[in-house]
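Heads up: the structure comes next, in structure tokens.
The values are calculated or read from the model by the stated rules, or taken from the named source; none is laboratory data. Treat the numbers as computed from the prediction; the structure is a model and nothing was measured. Here the Cβ positions follow ideal geometry from the backbone for every residue, glycine too, while neighbour counts run over all protein chains shown. Side chains included, ligands, DNA and RNA excluded: accessible areas come from the protein's heavy atoms. Shrake-Rupley method; radii C 1.70, N 1.55, O 1.52, S 1.80 Å.
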Amino acid sequence: MVEVRANKSWHSSWFHLLLLLLAAAASSCHGEKKQVLPLRELQLGDIKTSEKCLPQRSRRVNGATILEMKHQSYCSWSTKSREDRAWKLLALDNARVSSLQFQINDAAMSYGTEKPSSSPPAAGAQIPLNSGAKLQTMNYIVTIELGGKQMTVMVDTGSDLTWVQCKPCRSCYTQEDPLFDPAASPSYQPIPCNSSMCDSLQMATGVSGACGADQPSCNYALSYRDGSYTNGVLARDRIDLAAVPVRGFVFGCGESNQGMFGGTSGLMGLGRSPLSLVSQTIPQFGGVFSYCLPTREFDSSGSLILGNDYSVYKNSTPVVYTRMITDPQQASFYFLNLTGISIGGTALRSSTQFNTKVLIDSGTVITRLVPSVYKTLRDEFLRHFSGYPPAPGYSILDTCFDLAGYKEVDIPTIRFTFDGDAEVDVDVNGVLYFAKPDASQVCLAFASLSYEEEIGIIGNYQQKNLRVVYDTVGSKLGFAEETCGYS
């Protein structure tokens with residue numbers, strides 16, 4: 001009897017031990033999700049750049065056109081303090097967000113939609129994508145050929161009209177490439193007034209084409225809320241994208257241009273209107289483009305791929321798709337339906353229900369959320385990222401830390417969920433913004449909008465190491481993890 005009781009006791013102890021092991025395993029599987037950020041490997045020194053911005057590379061692979069993409073900082077003309085530049089870039093970013101909110105609100109009002117008074121006014125091509133901070137913004141740059149001449153332009157999914165500075169230039173900012181000379185291009189043709197292309201300016205820029213008795217060509221005027229502008233003639237010419245010719249491409253030949261465009265020749269509009277490069281190249285690229293943004297400002301590249309040949313992607317996870325929201329009031333923008341956010345595996349609960357429309361934008365740096373959602377995200381992040389010394393807020397960023405004494409930190413994984421259960425993890429490099437190079441002021445790279453009625457924006461800082469696929473014909477947008485580069 002004693003032996004039997006001992007045997008039962010042993011089995012009981014083993015059973016309880018097994019339960020404890022299973023519970024521990026379950027806890028580990030469902031525990032907090034984190035990523036390691038190695039602070040010492042970021043090399044956050046002052047900016048040292050070459051005196052000249054070299055043209056970005058491009059190539060054709062398996063029917064895709066691939067353009068090398070760099071950050072605009074790559075083309076800076078001097079050595080600058082990272083701290084001074086970081087503050088200026090966030091101020092410019094705030095101006096862009098204000099401009100986007102104004103455009104969205106203005107479009108809604110133009111279509112008679114009431115806004116609350118609290119609101120403020122087939123084949124493919126791959127192009128190298130570079131970061132654009134050197135040229136005083138956080139946009140990205142690529143090189144194209146226009147009329148046989150190389151032009152370095154900013155890439156912007158929030159704009160439609162592609163434009164470059166042209167001779168004769170009455171008032172132009174300083175650029176690194178020679179000005180485009182229409183007289184030197186045999187394929188250049190101005191767009192006449194009273195044409196369908198001239199009429200399409202209204203959708204692309206918000207301003208109708210201007211025509212006069214002494215001016216038979218269609219004139220455009222495009223202004224940005226930060227005071228930047230471009231005015232000139234709407235024209236046609238041949239562009240080449242990694243040796244893929246696009247004849248009769250409609251663009252703006254800017255004769256009066258000012259603003260924070262740095263040393264670029266102009267801008268490539270990747271919006272959704274008929275005048276955008278995406279719409280004009282549907283015969284060549286099927287209305288599909290994608291990008292993988294450079295992770296660093298000065299020593300890395302990404303790529304802009306034109307076309308629907310997915311075999312050239314280097315993604316490490318499958319592409320997950322969500323539908324684009326079509327809004328006739330803001331037809332040029334790329335809107336998505338954000339259905340949830342989680343921090344470290346914990347789903348956020350907000351007074352504002354999810355299933356909310358957000359804008360995904362390549363030109364905005366820091367992701368913006370409506371106040372109630374941002375507060376919930378910030379509080380949950382602080383619950384997971386605790387024990388680190390606080391630091392003062394920085395510009396638009398109100399949650400900062402002093403990480404100067406750490407070699408690495410564990411960052412809770414931030415996950416966006418979009419319509420159709422498309423889950424996207426923010427890369428570890430896109431969670432914290434380094435205001436100071438010694439990591440003594442490192443901030444949560446999210447910011448609050450001013451009003452609940454404004455539209456949230458997914459910025460490019462949170463799109464690092466992601467292949468973001470825009471299928472305008474299929475009206476869907478995809479995400480996949482990818483270590484961004486051009487090689």
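Looking at Gly206, Gly227 in this structure, which one is under 24 Å from the mean Cα position of the chain (by Cα), farther than 29 Å from Leu306 by Cα and open to solvent by 20 Å² or more (accessible area, probe 1.4 Å)?
On inspection, the qualifying residue turns out to be Gly227.
Somewhere in segment 232-255, is a residue part of a loop (DSSP other than H, G, I, E, B), closer than 30 Å to Lys88 by Cβ, open to solvent by less than 10 Å² (accessible area, probe 1.4 Å) and not polar (S, T, N, Q)?
For segment 232-255, residues part of a loop (DSSP other than H, G, I, E, B), closer than 30 Å to Lys88 by Cβ, open to solvent by less than 10 Å² (accessible area, probe 1.4 Å) and not polar (S, T, N, Q): absent.
What pairs can you find where one residue is in segment 352-375 and more than 15 Å from Ser98 (Cβ to Cβ), the other is acidic (Asp, Glu) and open to solvent by less than 10 Å² (accessible area, probe 1.4 Å), and their Cβ atoms are less than 8 Å apart, with a gap of 6+ or different chains?
That search, which allows pairs on different chains as well, returns Ser362/Asp156.
Among the residues of segment 397-438, what is the count of those that are basic (Lys, Arg) and open to solvent by less than 60 Å² (accessible area, probe 1.4 Å)?
1
Can you tell me which of (1) within 30 Å of Asn429 (Cα to Cα); (2) touching a Lys or Arg at 6+ places or on another chain (Cβ under 7 Å) is the one Ile305 doesn't meet?
Every listed condition holds for Ile305 apart from (2).
Sort out for me the strands (runs of 3 or more DSSP E) sitting completely within segment 134-213 that have 3 or more residues that are closer than 25 Å to Ile66 by Cα.
140-146, 149-156, 163-165
For the structure I just gave you, tell me whether Ser332 is among the hydroxyl-bearing types (Ser, Thr, Tyr) and closer than 28 Å to Ala184 by Cβ. Can you show your working first?
Numbers: among the hydroxyl-bearing types (Ser, Thr, Tyr): yes; closer than 28 Å to Ala184 by Cβ: no.
Criteria not met by Ser332.
Search segment 383-396 for residues being of a type in the set (Ser, Thr, Tyr) and over 13 Å from Leu432 (Cβ atoms), and hand back the single one that is most open to solvent (accessible area, probe 1.4 Å).
Ser386
Please indicate, with yes or no, whether at least one residue in segment 259-276 is modelled with pLDDT of 90 or more and either over 20 Å from Thr157 (Cα atoms) or of a type in the set (Phe, Trp, Tyr) (or both).
Checking segment 259-276: not a single residue is modelled with pLDDT of 90 or more and either over 20 Å from Thr157 (Cα atoms) or of a type in the set (Phe, Trp, Tyr) (or both).
When only residues in segment 287-300 that are open to solvent by less than 20 Å² (accessible area, probe 1.4 Å) and assigned to a loop (DSSP other than H, G, I, E, B) count, which is modelled with the highest pLDDT?
Once the filter is applied, the top-ranked residue is Gly287.
Determine which member of the set Thr157, Thr174, Thr152 is loosely packed, with under 15 Cβ neighbours inside 10 Å, modelled with pLDDT under 95 and within 29 Å of Ser303 (Cβ to Cβ).
Going through Thr157, Thr174, Thr152 in turn, the sole match is Thr174.
Please determine, by comparing only the residues of segment 344-360 that are out of contact with any strand residue (DSSP E or B) (no Cβ under 7 Å at 6 or more places or on another chain) and part of a loop (DSSP other than H, G, I, E, B), which one is least open to solvent (accessible area, probe 1.4 Å).
Ser350
Under 6 Å between Cβ atoms, which residue pairs at least 6 apart in sequence (or on different chains) link something in segment 423-448 that is closer than 20 Å to Asn465 by Cβ with a partner that is among the basic types (Lys, Arg)?
Glu423/Arg415; Asp425/Arg415; Asp427/Lys464; Asn429/Lys464; Gly430/Lys464
For segment 361-382, name all the residues that are surrounded by fewer than 17 Cβ atoms within 10 Å (Cβ to Cβ) and touching a strand residue (DSSP E or B) at 6+ places or on another chain (Cβ under 8 Å).
Pro371, Lys375
Go over the candidates Lys34, Lys115 one by one and state the one that is in contact with an Asp or Glu (Cβ under 8 Å, 6 or more places away or on another chain) and either modelled with pLDDT under 65 or polar (S, T, N, Q) (or both).
That would be Lys115, the only listed residue that is in contact with an Asp or Glu (Cβ under 8 Å, 6 or more places away or on another chain) and either modelled with pLDDT under 65 or polar (S, T, N, Q) (or both).
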